[in-house]
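Down below is the structure, laid out as structure tokens.
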Amino acid sequence: MATATAAALHPAQRRILAVLVTAQIFSGAGLAAGITVGALLAQDMLDTTGLSGLPSALFTAGSAAAAAVIGRTSQRLGRRTGLAAGYATGALGALGVVIAATIGNVGLLFIALVIYGAGTATNLQARYSGADLATPGHRARALSTVLVATTFGAVVGPNLVTPLGALARSWSIPPLAGPFLLAAAAYAAAGLVLWLLLRPDPLLTARTLADPGAESHPTSTTATGNRSHVVLGAAVMVVTQLVMVAIMTMTPVHMQHHGHSVGAAGMVIAVHIAAMYLPSPLSGFLVDRFGRLPIAGASGLTLLAAGLVAAFSPPQSVALLAVALGLLGLGWSFGLVSGTAIITDSTSPATRAKTQGLVDVAIAVSGAGGGLASGMVVAAGSYTLLALAGGIIAVALVPVLVLTNRAGSTPRPHDQPVSTSAGR
């Protein structure tokens, strides 16, 4: 009990959360650009709907590669270096998208979108930093504090699509590239905040405070039970990411095909992103209070509801599409927070960042697959088919979680012993 209290009272934790929150406010705006207009920009440049999911697939694939690099860099040099470098790379990619759109170079667009994906990977990996110095019983709430900060920038970003488009046009830049100007500035600001202010480094501090004896016994962090829990946590996040990205990517295209403006699509995406991040404190509380598996199961059911509402909403109803995308975001929040908590519980500071990076690679790859497949499914079938398929895939998580619970293999927090110096 004393060590847990010491960890909770570590003087760096509150400052670390404040710095992470500030950076996430900036990065949220950068994250929203590709989500809101990426598919529309590709459709405009490629003159086809079938490949409109390609931007999401490309920057998500870039996110996968970046996640592994950021994880390894953070493991060696700390969260500060890994996250700051990731945001700097994302800013570079956003500038590349603007240049590609301006000169009409599709090849450069594809390359820039891959690089831009580093910002997405960094935005997600920042959540782990909030939990590095948290006690097991408060990990979900700590990481959710970092996640919720993304809301502020991410909600503002899509609603600036129209004015940013006008600004871009005045600079002889295609209007749909305007949001990427904001992304470049936002990611650069986030990286600068972390590089200058994320001191002491949360992961390096947690590693220093961890009991050396615990790290000298591999079985304490690599036992079969913990490995299986890492796989379970990864599976929850992979499925939720796949479903979320697939439906989200094609919603603006679906709306445009039925006469809605880019501004209306931006509003729906803003609701979606708000629902992804704003309920994070609630998700964190529920995960800490009721356990990881029940909330992971709630994720699957919520995503099913999202798919059903999206599938059967009249295309003319912006309100119902906003409800569907809101449920989609909430289901993602439940899945991400519960899955992240499972992963963090099952690793020690000695190997945590590397494992988390590899898990985020799997998440990003699933998102890339969902983004790429979404355009093909809609082109060959319909948006309704895509939404229904996504809901069914998501709810398939529930039986797996029920069986895991019945088998008595419920993931439990792995409390890493902490030296009493933590409270000083």
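Is there a quick way to get the dipole size of the chain? I mean about its Cα centre, with the Cβ of Lys and Arg at +1 and of Asp and Glu at -1; what is the value in debye to the nearest 20?
860 debye
Quick one: which of 195-203, 341-349 comes out on top by average Cβ neighbours within 10 Å, and what's the full order, highest first?
Descending packing order for the listed peptides: 341-349, 195-203.
Taking the chain as the reference, fit the longest principal axis to its C-alpha atoms, fit the long axis of helix 224-257 to the helix C-alpha atoms, and give the angle between the two in degrees, 0 to 90, nearest 10.
20 degrees
Using packing as a proxy for protection, rank 312-318, 288-294 so that the peptide with the highest average count of other Cβ atoms within 10 Å comes first.
Averaged packing, sorted descending, gives the order 288-294, 312-318.
Spin-label point model (7 Å from Cα, Cβ direction): what's the A166 to R72 distance in nm?
4.7 nm
What full-extension length gain, to one decimal in nm, is calculated for S261 and A379 as 0.36 nm per residue of separation minus the Cα-Cα distance? Working shown, then result.
Working: separation 118, 0.36 × 118 = 42.48 nm, distance 2.05 nm.
Contour length minus Cα-Cα distance gives 40.4 nm.
Note down, for the chain, the three equivalent ellipsoid semi-axes (square root of 5 times each alpha carbon gyration tensor eigenvalue), biggest first, whole angstrom.
Largest first, the chain gives 35, 24, 17 Å.
With runs of 4+ DSSP H residues as the only contributors, calculate the mean residue ellipticity of the chain at 222 nm using -39,500 (n - 2.57) per run, divided by the residue total and rounded to the nearest 500. Before the final figure, lay out each step's value.
On the way: 19 runs with 344 residues, N = 424.
Rounded to the nearest 500, it is -27500 deg cm²/dmol.
For segment 71-200, with only Lys/Arg (+1) and Asp/Glu (-1) charged at the beta-carbon, what is the dipole magnitude about the Cα centre, in debye rounded to 20?
Once rounded to the nearest 20, the dipole reads 400 debye.
What nm value, rounded to one decimal, do you get for the distance between T351 and R289 when each label is placed 7 Å out toward the C-beta?
For the pair T351/R289, the computed spacing is 3.4 nm.
Please list 274-284, 390-400 highest first by mean number of surrounding beta-carbon atoms within 10 Å per residue.
On the way: 274-284: 23.6, 390-400: 19.6.
Packing order, densest peptide first, comes out as 274-284, 390-400.
If all Cα-Cα distances of segment 123-198 are sorted into 5 Å bins from 0 onward, what percent lands in each bin, rounded to whole numbers?
3, 14, 18, 18, 15, 12, 9, 6, 3, 2, 0
Here, each number is a calculation from the coordinates, and none is a lab measurement. As the structure is a prediction and not an experimental result, all values here were calculated from the model. Cβ: placed from backbone, ideal geometry, glycine included. Neighbour counts: every protein chain shown.
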